[in-house]
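Values quoted throughout were computed directly from the atomic coordinates according to the rules given, and no laboratory measurement underlies them. All figures in this text were calculated on a predicted structure; none of them were measured in a lab. Every residue, glycine among them, receives a Cβ derived from its backbone with ideal geometry; neighbour counts consider all protein chains shown.
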Amino acid sequence: MNLKPIFVLVIIISLIMLLKDCHYGAEHQKVDPKFQNAHLTAVSAQNLLKEKKPAEALKLYEAARAEMEHPNVRADEGTDVYINYGFVTNDIGVIHLSWAMYGKDLNTEHSHVDMALIDRDELALATEALNSSIAFYERWYKNNPKDYERFSKAVSESYANLGVALKYAEKMDEAQEAFRMSLLLNPDNGNAERSLTMLEINPEPYIEAGKQEREKHE
């Protein structure tokens, strides 16, 4: 199969579009004063990513993450309505994932991702960040069980991105499971659907399971 650079383009473009129209991102949060510094830093990072400046964005995302993990803030615990920690760690993962596949210059001119040139260190950083994002969302949902829609859409994105990271780590069974979880949580997740299709796996059973799961929470 001729794998065009669809994965990284889908990730970058969809992330930018998600940030542009996101109803759950930093700019839509009502922020407790103790979260204000982290909030503003996260918004600035998102704006830089929209401007396709991932290196500059990453520095601010890391600063926002550190601020959120501060003992006086603890936005990473998920005990309140603040959900930006998950978005920050997801976006950190996306940046590292893009660099793992195409280098820091994001050269997508070649027709396929060369597995021999995958940056394994960047891939490991991406996987770590995306797993952190998923773990946070699960903690957050335990404290906000009535907000399934918000949780499911957010964590579905991280699962879809994790699936791509696992695919390029050549962990195909784990990648398929991540895409399955993405669609189970949000059957409308086009990234997960396209990724499964490119792996020559029929996404329809997973989409149907996701629709049934969504009905349980309506």
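Taken about its Cα centre, region 6-216 carries a charge dipole of roughly 520 debye when the Cβ of each Lys and Arg holds +1 and the Cβ of each Asp and Glu holds -1.
Each semi-axis of the equivalent ellipsoid for region 60-170 is √(5λ) with λ an eigenvalue of the Cα gyration tensor; in descending order they amount to 29, 15, 10 Å.
Contact order, relative form, for region 46-136: 28 percent (alpha carbon pairs under 8 Å, 6 or more residues apart, mean separation divided by residue count). Size of region 6-216: Rg and Dmax of its alpha carbons, in Å, are 16.4, 48.
Looking at region 156-218, the trypsin sites (Lys or Arg not before Pro) that sit in a DSSP loop and have at most 16 other Cβ atoms within 10 Å of their own Cβ are Lys171. Based on alpha-carbon atoms, the Kirkwood radius and the radius of gyration of region 129-218 give Rg/Rh equal to 0.97. Spacing of the modelled spin labels on Tyr148 and Ala135, each 7 Å from Cα toward Cβ, amounts to 2.6 nm. The string of couplings for region 155-162 from the Karplus curve (6.51, -1.76, 1.60, θ = phi - 60°) is 6, 4, 5, 5, 5, 5, 5, 4 Hz, one whole number per residue in order, with x for Gly and Pro.
Once the chain from Asp121 to Lys216 is taken as fully extended at 0.36 nm per residue, the excess over their C-alpha distance is 30.2 nm. Among the GluC sites (Glu not before Pro) found in region 90-199, those both in a DSSP coil and sparsely packed, with 11 or fewer other Cβ atoms within 10 Å of their Cβ, are Glu109, Glu170.
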